[in-house]
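Written out below as structure tokens is the structure these notes cover.
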Amino acid sequence: MTASEERERFALLTRLSWDLHGLGVCTSLVVPVAGQPILEIRTATGAALVRVTVTRRYCGWAYVWRPWWVRLWRRGEWVWAEAENAADMLMSAVTA
């Protein structure tokens, strides 16, 4: 992963965090020394912690919150990062 891709991931997660904050959702952006940044989201009940990452898809960036092995057979477990309503879409999918 290049330095510009790392910055792009961070910027996308920061934007998503701010959008979720506007919806009244508590988030934490985790930036480990090694590895990619992760956005942690508490569900409405506060019981579950959802970890969101950003990955490059065939035609753009996407937010992903399921392990890779779950995505193999469960489609629709990601949201395009460029979508204006990405925060709304992600929250409706996570809390469903």
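For this structure, a couple of remarks:
- Separation of the THR2 and THR14 label points, Cα + 7 Å toward Cβ, nm: 2.0 nm
- 16 Å reach of a label modelled at ASP88, 7 Å along Cα-to-Cβ, counting backbone N of region 1-44: 16, 19-25
Each reported figure results from applying straightforward, stated rules to the coordinates on display, with no laboratory input. Every value quoted in this text rests on a predicted model; they were computed, and no experiment measured them. Every residue, glycine as well, gets a Cβ built from its backbone with ideal geometry; the counts of neighbours run over all protein chains shown.
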